[in-house]
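Chemist: One structure, pasted below without further comment.
The values are calculated or read from the model by the stated rules, or taken from the named source; none is laboratory data. This is a predicted model, so every value here is computed, not measured. Please note: Cβ atoms are built from the backbone with ideal geometry, for glycine as well, and neighbour counts cover all protein chains shown.
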Amino acid sequence: MTANKPITLHQDRYFSPNPEERKIARRLFQLVKDLPLVCPHGHVDPRLFAENQPFPDPTELLVIPDHYLFRMLYSQGIPMESLGVPRMDGGETEKDRRKIWQTVADHLYLFRATPTGAWLKHELHDVLGITKRFTGATAMEIYDQITETLARPENLPRALFERFNIEALSTTDAPTDTLEFHRQIRESGWNGRILPAFRPDNVTDFMYRNWRGNIDRLTEVSGIDCTNYHGFILALEKQRQFFKSMGATSTDHGVLTPFTVELTENEAARLFDKAIRGQATAEDATMFTGHVIMEMAGMSIEDGLTMQIHPGVFRNHNEVVFEKFGLDKGCDIPMATDYVKNMKPLLNRYGNDTRLNLIVFTIDETTYSRELAPLAGHYPAMKLGPAWWFHDSREGMLRYRQMTTETAGIYNTVGFNDDTRAFPSIPARHDVARRIDCRFLAGLVAEHVIDMDEAEEMIVDLAYNLAKKNYRL
Amino acid sequence: MTANKPITLHQDRYFSPNPEERKIARRLFQLVKDLPLVCPHGHVDPRLFAENQPFPDPTELLVIPDHYLFRMLYSQGIPMESLGVPRMDGGETEKDRRKIWQTVADHLYLFRATPTGAWLKHELHDVLGITKRFTGATAMEIYDQITETLARPENLPRALFERFNIEALSTTDAPTDTLEFHRQIRESGWNGRILPAFRPDNVTDFMYRNWRGNIDRLTEVSGIDCTNYHGFILALEKQRQFFKSMGATSTDHGVLTPFTVELTENEAARLFDKAIRGQATAEDATMFTGHVIMEMAGMSIEDGLTMQIHPGVFRNHNEVVFEKFGLDKGCDIPMATDYVKNMKPLLNRYGNDTRLNLIVFTIDETTYSRELAPLAGHYPAMKLGPAWWFHDSREGMLRYRQMTTETAGIYNTVGFNDDTRAFPSIPARHDVARRIDCRFLAGLVAEHVIDMDEAEEMIVDLAYNLAKKNYRL
Amino acid sequence: MTANKPITLHQDRYFSPNPEERKIARRLFQLVKDLPLVCPHGHVDPRLFAENQPFPDPTELLVIPDHYLFRMLYSQGIPMESLGVPRMDGGETEKDRRKIWQTVADHLYLFRATPTGAWLKHELHDVLGITKRFTGATAMEIYDQITETLARPENLPRALFERFNIEALSTTDAPTDTLEFHRQIRESGWNGRILPAFRPDNVTDFMYRNWRGNIDRLTEVSGIDCTNYHGFILALEKQRQFFKSMGATSTDHGVLTPFTVELTENEAARLFDKAIRGQATAEDATMFTGHVIMEMAGMSIEDGLTMQIHPGVFRNHNEVVFEKFGLDKGCDIPMATDYVKNMKPLLNRYGNDTRLNLIVFTIDETTYSRELAPLAGHYPAMKLGPAWWFHDSREGMLRYRQMTTETAGIYNTVGFNDDTRAFPSIPARHDVARRIDCRFLAGLVAEHVIDMDEAEEMIVDLAYNLAKKNYRL
């Protein structure tokens, strides 16, 4: 069994074990390890910083909200109820936080060689000051230690934000959101930069849960009657302005496929009316979403918000789990995605416009070198989002660089996004990304593909400048 | 030209050439190199062990049954007839075993850097004691030496089984099989563990060669009238019980796609009746197979047999070769496969049931990180089969680990399967798999992703425990 | 900023940084670095060698015709007009060659770690003798130096051809081409081997620009009335003979997918007549092209021309750029391609015929190990083209070897093609290919997969013999 020995985060972790490459990677890492973290895309709850209350216990902090963590435990037969994941029907779930913590500790071996395992190790060690290895034997002791740690003022959310050296953190928000917490933060006098991002899926996709209710809510928050297409578009424009006034620099669009289509205003209005009457089909929803994406690109050209598209995930694949536990419970599964045909209308209409900054994410690695790098390596408006989700890991990020750089270069990519709802994991995630980029560049230097002075510029661009520039932060 | 120098199997073969990783890999390999071989999925003929006769000549042992070998030779224009592969029409083929052996030796350069080349080298050296390099010049001398070796009692099949240190070997058998050889082995008093596996494709797929005849044969062996759906299902259940009584721990399902669908009993019965009347269409066959896979999952929950699904291979792509030489002659070609949509019905119905042990194989590498690891990393019932067929090779197995581990961990995989009909290649195949896993883990240790004590546990799990556990051996 | 330091082409570039592998790679590279260049597939203009005029200025030589170069610059918002790319409407474009050269120099950082960057560096250093780093600061000085260099007799096209040590260079030519420049070269007494290749897309694809005009042109050059199917086929046969008489050893077929189909002569004639009447649909074009590919394979069996198929590229994806600047302006985008079903008719009819030499290119890497290597590792007629286009790069070529060799071996591949229209980049491209093959083989030697004497044979085969053999040069 894994001995009860101290946790160490080795200074050379994730670098190549080849001494020459390792030496170069170390030098490059020195240039970026202390740079501020730019977090232009994520899902941290702004309420954290508005209220600035102490984090509750370790289980609430690290286990219950982390679907990476309970997904893996569930895959090995551990019921989500026993991990305290709340049920939609309010049914029984484990309430004993210590017991849940113990269950995680007992199964920690499942996370060997996974990013979740690496992030957790980093959080325990660097954020929470745990120096013992987290095992079944040490679980309770560590639980107590973290509980004590969390109570201290230097571990309140705002203090951590500052300690993490975060320059800007974007949340992701519905267009119907009044951004109350963002407003509270601003008004509090605290100058941590927490920005909203405009994600209108809940009103642009007819098939979204409670679409009709969301439209009414949009009417309410915008003060514009959204039960007709014209009003709907005006309201979106108005809400974008509102988000922008609250600091937003980007929009975000989660779609099944990156399908785009150019409808006439009449066609779009007809589909919208059908949806208002409750008669829209799945096909109508697809067409309308494909059209609205185009409209959004047009608006981005006007108002300068960077536009993000996230396609290719089959959401809520496990209906049993979805019905019991709801959204984001680990059953979103990537699928094959075509960008070449789907994005042609959008790219043909707006892709040559240098005012548009369109960031396309991918979760289907097979498109990196085949479709995405060639598209981003041609269209002025298009950039590639980082290695996303199941790929925001050592191997995943390395493959991303290997498969996109030769065709698109690094300057058609946008640096790193942590894309997390787990606030304490942010430094860990940036640490992995920066180390992998150092590793990648060190390989290129050692193989005499680039010179050291080039690598020194590139690593700063990858770790810091590209994200700032592309998200206009 | 390749000099006539001795074969050596280097002790560090397949390990990283980086000294630090190599050193770690060596240490890990020490832990597993002498562990028994667990062979839960393969195609070795049980008759070998029932009869325990000496292997005939080297050509019959190593060339004629090995479609990996003659596939490559054929691809370079060497007629299969000249390699002694029997023709369906009984036409002329080369009978001179020495001449065939010489042809192989003369073209051995074609196998450089291929797994076939590596296995053959290992078999010659480690199993057959050949220390000269196999070349055109040494072919006849080696032929004679092997012939002599094969005649010795220590090289009879059962003796080799013991020398190979095989703990259990599963064959693959039709549901209509009476398992005569398995019975003979049991009754012989020899305690080598040779188990059947239940592969019902020949009765579940209406399009299978001689499906109607197979149904009659199923009626005969089960004693249940299988010309109606109800009887068919009862007979399958009965035959599963029979296989289980003969030691089976698993079923196996070869399908074009992993399509699954839930039909009502009436719908299924209607399709079955249509097939009995000889009127089933290809579409009917697809629907019925998709339904029977679901039924089989249900039965596995009842009787505890591990369920294997092997999709994604276009069988008998070369009709000219198929008509002349029949099945398994090297013209099965992998194709793109979707698991996300196809397996949703099955996974939604049974995937959350921890009693089911569903092993999904893949031959389309592009699905490793996109679909398979995310699915296996969520559904409790699903595990990933090993790098299969065209990928049971150094590079193939390494990519498998690199692309599945971060999302699914190693504990949602099931260790190694040799999946071979070539009995003497079994040690070679396990050797490659164990070495590649050592190499993979050594990299993780050297990059400070996992600790050495973790790697030491993981390598034993990968080489031995996971296969035993997941096949319930 | 990148310092103004000398360019160096490191002797070990692209080799593994692991000292053991590097040492082996060096030894292997010694065997091939001075071998003649075999260039069996490319797009260099034969007029260069017919006229043998000095290259004009550096911009004309290195920038304007290189769509790799201006594609990347365009993707970062630099208008193609400002790079001197000619407009279809004759509109204004930058005429000042020095200014264009400066723009490129100022943005050279975009090409870091890209093949374009590597080729350019090699061309400047090895072909043009530039020893200063190409930067914004040195741009004018280097411009002048190159201008002077180009004027010297030793840098005329024929002299460079000889200095590059090119053994044979194939162009790519329409079937309607009279091969005037090839003829001039022959008649000039210069014995550089410049060969045509027969690429009939402009008459076999009804949807090709000006198809009807091309048919008339085919009638004209062949002297056979091509307005009926029978005449069309006869003319193709005649033109193939003509090309062969001019030295051609291959045909080339650019297709959207590798779809093949066997039509009756009547069906084919009916489609052709429809097209002549201007009534062919896209579907008709697909069917006809799929049929003609089959006919071409049949002709290749007769006349011995090696047949190349290049599928999988969506041409002219950016209609705005296409309309403004025309073909080959960087907006061709690869797409997912199926070979298994599409090529079955052709492979079943002709794939077992050892007289056919069918080279299939791929640009969809996901098919390397899944489809292409298994097909090439079985069918005697089929070979794999090299890592093509977006993949003719360090990482791209390495992945190609890693994903094709285990299943197909190296002897079902055909060596390297530079596939370029940029004549001065030819040595750079072969240099990268040879180095990557050395690197790949060095890894295999260091990992004890192959022996050094095997690697020594293989590297010569990869760098020289395979291309000569498979293109029958």
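Chemist: Could you check, for the stretch A:402-422, whether at least one of its residues is charged (D, E, K, R), within 14 Å of chain C (Cβ to nearest Cβ) and surrounded by 24 or more Cβ atoms within 10 Å (Cβ to Cβ)?
Modeler: Yes.
Chemist: A further question on this structure: If I filter the stretch C:139-153 for residues that are over 26 Å from C:R71 (Cα atoms) and among the small types (G, A, S), do I get at least one hit?
Modeler: yes
Results for (1) modelled with pLDDT of 95 or more; (2) small (G, A, S); (3) not in a loop (DSSP other than H, G, I, E, B), shown as yes or no for each residue.
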{"residue": "A:M1", "(1), (2), (3)": "no, no, no"}
{"residue": "A:N4", "(1), (2), (3)": "no, no, no"}
{"residue": "A:K23", "(1), (2), (3)": "yes, no, yes"}
{"residue": "A:L28", "(1), (2), (3)": "yes, no, yes"}
{"residue": "A:A50", "(1), (2), (3)": "yes, yes, yes"}
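Chemist: Among (1) on the phi > 0 side of the Ramachandran plot; (2) more than 22 Å from the chain's Cα centre (by Cα), there is one condition A:W389 misses while meeting the rest; what is its number?
Modeler: The single condition A:W389 does not satisfy is (2).
Chemist: Could you figure out which of (1) surrounded by 17 or more Cβ atoms within 10 Å (Cβ to Cβ); (2) at negative phi; (3) touching a residue at least 24 places away in the same chain (Cβ under 8 Å) isn't true of B:L179?
Modeler: The failed condition is (2).
Chemist: Determine whether C:L73 is buried (at least 16 other Cβ atoms within 10 Å of the Cβ), within 12 Å of chain A (Cβ to nearest Cβ) and aliphatic (A, V, I, L, M).
Modeler: Here the answer is yes, as C:L73 does meet what is asked.
Chemist: How about the stretch A:330-385: which of its residues are in contact with a helix residue (DSSP H, G or I) (Cβ under 8 Å, 6 or more places away or on another chain), surrounded by fewer than 24 Cβ atoms within 10 Å (Cβ to Cβ) and free of Cβ contacts under 8 Å to residues at least 12 places away in the same chain?
Modeler: The one that is in contact with a helix residue (DSSP H, G or I) (Cβ under 8 Å, 6 or more places away or on another chain), surrounded by fewer than 24 Cβ atoms within 10 Å (Cβ to Cβ) and free of Cβ contacts under 8 Å to residues at least 12 places away in the same chain: A:N348.
Chemist: Take the residues in the stretch C:183-220 that are of a type outside the set (D, E) and more than 26 Å from the chain's Cα centre (by Cα), then tell me which one is surrounded by the fewest Cβ atoms within 10 Å (Cβ to Cβ).
Modeler: Within the stretch C:183-220, the first condition is being of a type outside the set (D, E), and the residues that meet it are C:183-186, C:188-200, C:202-204, C:206-215, C:217-219.
From what's left, more than 26 Å from the chain's Cα centre (by Cα): C:188-189, C:212-213, C:219.
Working: C:S188: 14, C:G189: 6, C:R212: 15, C:G213: 12, C:T219: 17.
Ranking the qualifying residues of the stretch C:183-220, first place goes to C:G189.
Chemist: Out of the residues in the stretch A:442-458 that are out of contact with any Phe, Trp or Tyr (no Cβ under 8 Å at 6 or more places or on another chain) and within 14 Å of A:Y411 (Cα to Cα), which is farthest from the other protein chains (Cβ to nearest Cβ)?
Modeler: Selected residue: A:A455.
Chemist: Given the criteria surrounded by 22 or more Cβ atoms within 10 Å (Cβ to Cβ), in the same structural domain as C:L69 (by TED's automatic domain parsing) and not hydroxyl-bearing (S, T, Y), does C:I130 qualify? Before you say what the answer is, go through the steps one by one.
Modeler: Values: surrounded by 22 or more Cβ atoms within 10 Å (Cβ to Cβ): no; in the same structural domain as C:L69 (by TED's automatic domain parsing): yes; not hydroxyl-bearing (S, T, Y): yes.
In short, no.
Chemist: Here is a check on your reading of the model: is A:E162 out of contact with any Cys (no Cβ under 9 Å at 6 or more places or on another chain), among the acidic types (D, E) and in contact (Cβ under 8 Å) with a residue 12 or more places away in the chain?
Modeler: Criteria met by A:E162.
Chemist: Looking at B:V255, is it on the phi < 0 side of the Ramachandran plot, β-branched (V, I, T) and in contact with a strand residue (DSSP E or B) (Cβ under 7 Å, 6 or more places away or on another chain)?
Modeler: Answer is yes for this residue.
Chemist: Still on this structure, please answer the following. Of (1) in contact with a His (Cβ under 7 Å, 6 or more places away or on another chain); (2) surrounded by 19 or more Cβ atoms within 10 Å (Cβ to Cβ), B:T251 satisfies all except one. Which?
Modeler: Every condition holds for B:T251 apart from (1).
Chemist: Helices (runs of 4 or more DSSP H) wholly in the stretch B:121-213 with at least 2 residues that are of a type in the set (S, T, Y) - which ones?
Modeler: Passing ranges, in order: B:139-151.
Chemist: Tell me yes or no: at least one residue of the stretch A:146-160 is closer than 26 Å to A:G304 by Cβ, hydrophobic (A, V, I, L, M, F, W, C) and surrounded by 19 or more Cβ atoms within 10 Å (Cβ to Cβ).
Modeler: Within the stretch A:146-160 (the criterion being closer than 26 Å to A:G304 by Cβ, hydrophobic (A, V, I, L, M, F, W, C) and surrounded by 19 or more Cβ atoms within 10 Å (Cβ to Cβ)), the answer is no, since none of the residues qualifies.
Chemist: Please determine whether any residue of the stretch B:92-115 is of a type in the set (S, T, Y), in contact with a Cys (Cβ under 9 Å, 6 or more places away or on another chain), outside the structural domain of B:R199 (by TED's automatic domain parsing) and in contact (Cβ under 8 Å) with a residue 60 or more places away in the chain.
Modeler: Among the residues of the stretch B:92-115, not one is of a type in the set (S, T, Y), in contact with a Cys (Cβ under 9 Å, 6 or more places away or on another chain), outside the structural domain of B:R199 (by TED's automatic domain parsing) and in contact (Cβ under 8 Å) with a residue 60 or more places away in the chain, which makes the answer no.
Chemist: Just checking, which of B:V449, B:V432 is in contact with a Ser or Thr (Cβ under 8 Å, 6 or more places away or on another chain) and hydrophobic (A, V, I, L, M, F, W, C)?
Modeler: After ruling out the rest, the residue left standing is B:V432.
Chemist: If you don't mind, another one. Just one of (1) crowded, with 22+ Cβ neighbours inside 10 Å; (2) in contact with a Lys or Arg (Cβ under 7 Å, 6 or more places away or on another chain) trips up B:H310, so point out which.
Modeler: Result: B:H310 fails condition (2) only.
Chemist: Let me ask something else. Using beta carbons and a limit of 6 Å, which pairs, at least six apart or on different chains, have the first residue in the stretch C:226-239 and over 14 Å from C:A275 (Cβ atoms) and the second one aliphatic (A, V, I, L, M)?
Modeler: Short answer, once both residue conditions are applied: C:L234/C:I224; C:A235/C:L218; C:A235/C:I224.
Chemist: For the stretch A:52-69, give me each residue that is part of a loop (DSSP other than H, G, I, E, B) and more than 21 Å from the chain's Cα centre (by Cα).
Modeler: Our first condition is that a residue be part of a loop (DSSP other than H, G, I, E, B); within the stretch A:52-69, this holds for A:52-57, A:63-66.
Matches in the stretch A:52-69: A:N52, A:Q53, A:P54, A:F55, A:P56, A:D57.
Chemist: Turning to a different aspect of this structure: Taking B:T116 as the residue in question, decide whether it is part of a helix (DSSP H, G or I), within 22 Å of C:I450 (Cβ to Cβ), touching a Ser or Thr at 6+ places or on another chain (Cβ under 7 Å) and of a type in the set (S, T, Y). Break it down into steps so the answer makes sense when it comes.
Modeler: Values: part of a helix (DSSP H, G or I): yes; within 22 Å of C:I450 (Cβ to Cβ): yes; touching a Ser or Thr at 6+ places or on another chain (Cβ under 7 Å): no; of a type in the set (S, T, Y): yes.
It is false that B:T116 is part of a helix (DSSP H, G or I), within 22 Å of C:I450 (Cβ to Cβ), touching a Ser or Thr at 6+ places or on another chain (Cβ under 7 Å) and of a type in the set (S, T, Y).
Chemist: Sticking with this one: Does A:G326 satisfy the condition of being crowded, with 19+ Cβ neighbours inside 10 Å and at positive phi?
Modeler: Judged against the criteria, A:G326 is not a match.
Chemist: For the stretch B:41-54, check the following and say yes or no: at least one residue is surrounded by 19 or more Cβ atoms within 10 Å (Cβ to Cβ), closer than 22 Å to B:H317 by Cα and among the β-branched types (V, I, T).
Modeler: no
Chemist: When you scan the stretch C:75-82, do you find a residue that is in a helix (DSSP H, G or I), of a type in the set (G, A, S) and farther than 28 Å from C:F181 by Cα, even just one?
Modeler: Yes, there is a match, as at least one residue in the stretch C:75-82 is in a helix (DSSP H, G or I), of a type in the set (G, A, S) and farther than 28 Å from C:F181 by Cα.
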